Amino acid sequence: MEIRDLLSKDGYYISPVVGRSMLPMLRPRRDVVVIQPIDTHNGINSHLKRYDVILFETSKGYILHRIIDIKDNIYITTRGDNSHLVEKITTNQVIGLMSGFFRKNTFVKTSTMFYRLYSRIIVSLNLIITYKTKWCNHSHNSE
Amino acid sequence: MFVMRIKQGFEIKKVFEQYIVVATGELSKSFHGIIKLNRTGYEIWSMIDKGLSKEQITRHLVDKYSIKFDKASSDVEIIVQQMVEANVIEKDNGD
């Protein structure tokens, strides 16, 4: 059964994390995420916002990354917390929203103040590292 | 008599009042999907996890729910069999 079908049937989807792109928050094959469906109308979604972690579908498969920009509630830019590469997607590709994750036996809700603060810090840090890397590469190439 | 043991890597999570078993670690490479348990299933799972035998689990259910031994024994047998078929628990002969 596809993830979309499971989401509409059960109202949630639960799975261990695969891949390192969301480190240090989500540890591969150790932490378990809970995904919930989002309401969309004509491909437009007003619930998704910056810093949300979403599960979406691409030609390469399923990806769980964080929204770093969203325009007109349709055009979304995402990036893994541990990655400098961004993905440009549309709301139609979004399968669900991460509502929380299990770190061992503790469930971390994405609605908590601590989590929201963490999200902002991790995105800011990623931006600084990305610009620093680009600047270093540019300086190196100019020499 | 054999000893039942839940395979390493299976973890139980409570999601929206539902008990869900997921595979983590190396096991998640071969076991995809989830197992949903009701309250009784969760209790039996927890008791197997603690190393209790089928008879001990049955006696616990008889005492707790005041049901007949044969009925409890049959229920435990069915759930254990399902777990064995799902490759979730291993049987160790205890040799």
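Computed log10 I(q)/I(0) for the protein assembly as shown at 0.08, 0.09, 0.11, 0.14 Å⁻¹: -0.41, -0.50, -0.69, -0.95, from the Debye equation with unit scatterers placed on every C-alpha and solvent omitted. Only Lys, Arg, Asp and Glu carry charge here, each on its Cβ (+1 for the first two, -1 for the last two); on that basis the stretch B:41-94 has a dipole of about 200 debye about its Cα centre.
Rg(Cα) of the stretch A:3-142 divided by 2.2 N^0.38 Å? All intermediate terms of the calculation are to be shown ahead of the outcome.
On the way: Rg = 15.6 Å, N = 140, 2.2 N^0.38 = 14.4 Å.
With N residues counted in the stretch A:3-142, Rg over 2.2 N^0.38 Å equals 1.08.
If the only charges are +1 at each Lys and Arg Cβ and -1 at each Asp and Glu Cβ, what is the size of the charge dipole of the protein assembly as shown around the Cα centre, to the nearest 20 debye?
So the dipole magnitude of the protein assembly as shown works out to roughly 780 debye.
For A:Lys49, the lysines whose Cα comes closer than 21 Å to its Cα, not counting residues fewer than 8 places off in the same chain, are A:Lys71, A:Lys88, A:Lys109.
Net charge near A:Arg30: determine it from the other residues with C-beta under 14 Å of the C-beta of A:Arg30, scoring Lys and Arg +1 and Asp and Glu -1.
On the way: positive: A:Arg20, A:Arg27, A:Arg29, A:Arg103, A:Lys104, B:Lys13, B:Lys29; negative: A:Asp31, B:Glu11, B:Glu26.
Computed value for this residue: +4.
Of the residues B:Met83, B:Ile48, B:Leu61, the one whose Cα sits farthest towards the positive end of the charge dipole of chain B is B:Leu61 (charges of +1 on Lys and Arg Cβ, -1 on Asp and Glu Cβ, taken about the Cα centre). What are the DSSP H helices in chain B that stretch 18 Å or more along their long axis, judged by alpha-carbon atoms, and whose average Kyte-Doolittle hydropathy comes to at least -1.0? Passing helices, by number: B:69-85.
With a sphere of radius 10 Å drawn around the Cβ of B:Ile20, what net charge do the other residues whose Cβ falls strictly inside it have (Lys, Arg +1; Asp, Glu -1)?
Numbers: positive: B:Lys13, B:Lys14, B:Lys36; negative: A:Asp10, B:Glu11.
Overall, the nearby charge balance is +1.
Taking amide H atoms as placed 1.01 Å from N in the peptide plane, the amide H of A:His65 lies under 5 Å from those of A:Ile54, A:Phe56, each 5 or more residues away in sequence or on another chain. Shown is the FRET efficiency for B:Thr40 and B:Phe16, computed with R0 = 25 Å from the Cβ-Cβ distance and rounded to the nearest 0.05: 0.85.
Which pairs break 23 Å Cα to Cα here: A:Lys9/B:Lys71; A:Lys9/A:Lys60; B:Lys13/B:Lys50; A:Lys104/B:Lys91; A:Lys104/B:Lys50? Display every interim value, and only then the final one.
Values: A:Lys9/B:Lys71 32 Å; A:Lys9/A:Lys60 25 Å; B:Lys13/B:Lys50 16 Å; A:Lys104/B:Lys91 26 Å; A:Lys104/B:Lys50 18 Å.
Exceeds cut-off: A:Lys9/B:Lys71; A:Lys9/A:Lys60; A:Lys104/B:Lys91.
Of the trypsin sites (Lys or Arg not before Pro) found in chain B, the ones in coil according to DSSP and having at most 16 other Cβ atoms within 10 Å of their Cβ are B:Lys7, B:Lys50, B:Lys68.
For the pair A:Ile121 and B:Ser66, label points projected 7 Å from Cα toward Cβ lie 5.4 nm apart. Taking only the alpha carbons of chain B, we obtain Rg and Dmax values of 13.6, 41 Å in that order.
Just so you know, all these numbers are worked out from the coordinates, no wet-lab data involved. Because the structure is predicted, anything quoted here is derived from the model rather than measured. A quick note on method: Cβ atoms are made from the backbone with ideal geometry, for glycine too, and the neighbour counts reach across all protein chains shown.
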